[in-house]
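**Q** Got a structure for you, written out below as structure tokens; questions coming shortly.
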Amino acid sequence: MEKPTKIAAPKGKLGVLLPGMGAVATTFMAGVELVRQKKALPVGSLTQMATIRLGKRTDGRSPKIKDFVKLAKLDDMVFGGWDIFPESSYDAAAKAGVLDPHHLAAVKTFLSKIKPMPAAFDRAYVKMLDGKNVKKGKTKYDIALQIKDDIAKFKAKHGCSRLVMLWCGSTEVFMKQAEVHSAIDKFEEAMKANHPAIAPSMLYAWAAITSGIAYGNGAPNLTVDIPAMQELAHQHNVAIGGKDFKTGQTLLKTVLAPAFKARMLGLNGWFSTNILGNRDGEVLEDPGSFKTKEESKLGALEFILQPHLYPELYKTIHHKVRINYYPPRGDNKEGWDNIDIFGWLGYPMQIKVDFLCRDSILAAPIVLDLVLFLDLAQRAGMRGIQEWLSFYFKSPMTAPQLYPEHDLFIQLMKLKNTLRWMMGENLITHLGQEYYD
Ligand SMILES: NC(=O)c1ccc[n+]([C@@H]2O[C@H](COP(=O)([O-])OP(=O)(O)OC[C@H]3O[C@@H](n4cnc5c(N)ncnc54)[C@H](O)[C@@H]3O)[C@@H](O)[C@H]2O)c1
């Protein structure tokens with residue numbers, strides 16, 4: 001892809017459309033509002049807090065990312081979305097139980113006004129949920145057209161100059177790429193024929209892309225990870241990205257595994273288990289939805305450790321991931337990892353990680369960054385898969401001939417170099433020989 005010659009300024013309002021307005025979506029919206037009210041800090045967000053080094057280490061140029069690239073301002077963001085439950089985002093946030101009462105009270109007026117539009121939903125794809133706020137239509141195509149209409153009305157009502165859609169809905173049952181996903185015409189015919197390989201998430205994505213709106217996928221659903229959607233994104237000059245927010249356990253996995261590989265330490269096994277009590281945990285009780293999540297969580301190690309290159313160290317890894325729905329913990333997940341490594345002469349060692357995390361607190365800043373960076377990509381004319389946003393995803397999407405990059409620090413370097421490249425700055429190679437001439 002050629003370097004963008006011109007990046008349109010982020011003028012006017014940015015509409016943020018969220019299919020799925022549960023714990024993550026409401027924690028994100030509430031957080032943006034609390035930051036706008038100057039009652040909290042956007043901790044965890046690169047777009048708000050990180051700097052980027054430009055030029056040589058001796059130049060002393062490290063602006064904040066948000067001052068270096070032109071990003072939409074938080075004050076210019078307006079929110080909407082869809083859910084199968086009709087409750088306002090205030091009620092959904094209160095139910096999710098992520099935020100403390102004083103934070104909830106500060107955003108009550110703001111969140112109470114955000115009410116989900118009726119969802120494109122089918123229980124065949126998320127078996128553990130059932131709700132009444134659901135669209136009706138003869139075919140999946142009709143429903144997708146209704147979503148397009150929702151988008152157009154939202155845009156007009158709020159006077160948005162641009163929109164971004166980011167899936168914060170539930171994890172759907174596991175699906176493999178099928179023939180109907182191979183080309184746009186087959187996909188559209190399949191929508192009209194109510195083909196089972198067309199999941200509800202795909203209707204939102206199709207509606208977004210054909211409306212010229214960037215689409216990001218926060219769940220491990222197949223959605224835009226198929227040739228038809230990628231072709232469609234090219235045709236409509238739309239940026240897409242996915243899949244599955246990289247928040248807790250996998251975040252740590254993609255930090256620790258590169259360290260083992262960097263030092264040529266071997267790995268025999270990695271057992272990861274979680275207890276989680278929010279609705280996401282409940283949805284993942286269904287084996288179909290869990291399979292989708294499991295595949296997403298299992299991929300990282302293989303790609304980082306490259307057993308085909310290092311068979312003595314990584315040929316037989318026992319990698320297991322478990323998620324247990326355990327209501328008392330709510331959104332405050334506990335993730336345990338037992339890691340069996342081996343060192344010099346093959347002597348075994350163990351590492352134990354116990355991460356008492358907060359799922360939606362970790363996910364919300366990722367939602368914010370993805371919205372802002374997808375909008376930036378869109379304004380820069382960067383269409384198709386945005387691989388530079390792999391940093392945020394458990395199963396990064398790539399061009400078909402590439403393997404995904406999972407190492408968090410390579411992902412960060414790629415993200416920052418992409419920003420430097422977009423702005424015509426020198427890329428940072430970390431060579432540094434010039435300091436020793
Ligand atoms: N929080 C994290 O750390 C994290 C990390 C990675 C991925 N995720 C994914 O993010 C998504 C959201 O997580 P959450 O904790 O907010 O879950 P949640 O259950 O609180 O919210 C999801 C919402 O999506 C709605 N929904 C389901 N299908 C829908 C459809 N077809 N259209 C519209 N709405 C629909 C549900 O009714 C629910 O309100 C999940 O898929 C989860 O797996 C979360």
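**Q** Limited to segment 9-30, what total is found for residues that are more than 16 Å from the ligand (Cβ to nearest atom) and either free of Cβ contacts under 8 Å to residues at least 60 places away in the same chain or touching a strand residue (DSSP E or B) at 6+ places or on another chain (Cβ under 9 Å) (or both)?
**A** Number satisfying all stated conditions: 6.
**Q** Would you check if there is a residue in segment 62-78 being of a type outside the set (A, V, I, L, M), farther than 24 Å from Ala380 by Cα and modelled with pLDDT of 95 or more?
**A** Checked against the condition, which is being of a type outside the set (A, V, I, L, M), farther than 24 Å from Ala380 by Cα and modelled with pLDDT of 95 or more, segment 62-78 yields no hits at all.
**Q** Still on this model: Would you mind telling me which numbered condition in (1) surrounded by 21 or more Cβ atoms within 10 Å (Cβ to Cβ); (2) under 23 Å from Arg358 (Cβ atoms); (3) in contact with a Leu (Cβ under 8 Å, 6 or more places away or on another chain) Leu305 fails?
**A** The one condition Leu305 does not meet is (2).
**Q** Of all residues in segment 161-174, count the ones that are away from the ligand (no atom under 12 Å from the Cβ) and not polar (S, T, N, Q).
**A** 4
**Q** Select from segment 122-136 the residues that are at pLDDT 95 or above and either under 16 Å from Glu188 (Cβ atoms) or within 10 Å of the ligand (Cβ to nearest atom) (or both) and list them in ascending order.
**A** Of everything in segment 122-136, those that are at pLDDT 95 or above and either under 16 Å from Glu188 (Cβ atoms) or within 10 Å of the ligand (Cβ to nearest atom) (or both) turn out to be Asn133, Val134, Lys135.
**Q** For residues that are within 16 Å of the ligand (Cβ to nearest atom) and part of a helix (DSSP H, G or I), scanning just segment 375-400, find the one that is surrounded by the fewest Cβ atoms within 10 Å (Cβ to Cβ).
**A** My answer is Phe391.
**Q** I'm trying to understand the selection: among the residues of segment 333-366, which are farther than 29 Å from Gln48 by Cβ and not in a strand (DSSP E or B)?
**A** If the condition is that a residue be farther than 29 Å from Gln48 by Cβ and not in a strand (DSSP E or B), then Gly343, Trp344, Leu345, Gly346, Tyr347 are the ones that fit.
**Q** Something else now. Would you mind finding the one in Ala106, Ala72, Ala50 that is without any contact (Cβ under 8 Å) to a residue 60 or more places away in the chain and more than 14 Å from the ligand (Cβ to nearest atom)?
**A** When all the criteria are applied, what remains is Ala50.
Residue-by-condition table, conditions (1) among the β-branched types (Val, Ile, Thr); (2) within 16 Å of the ligand (Cβ to nearest atom); (3) surrounded by 15 or more Cβ atoms within 10 Å (Cβ to Cβ):
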residue: Ile143; (1), (2), (3): yes, yes, yes
residue: Asp149; (1), (2), (3): no, yes, no
residue: Gly159; (1), (2), (3): no, no, no
residue: Lys176; (1), (2), (3): no, no, no
residue: Ala190; (1), (2), (3): no, no, yes
residue: Pro200; (1), (2), (3): no, yes, yes
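The values are calculated or read from the model by the stated rules, or taken from the named source; none is laboratory data. Predicted, not measured: the structure shown is a model, and the values here were computed from it. Here Cβ is always computed from backbone atoms with ideal geometry, including for glycine, and neighbour counts include all displayed protein chains.
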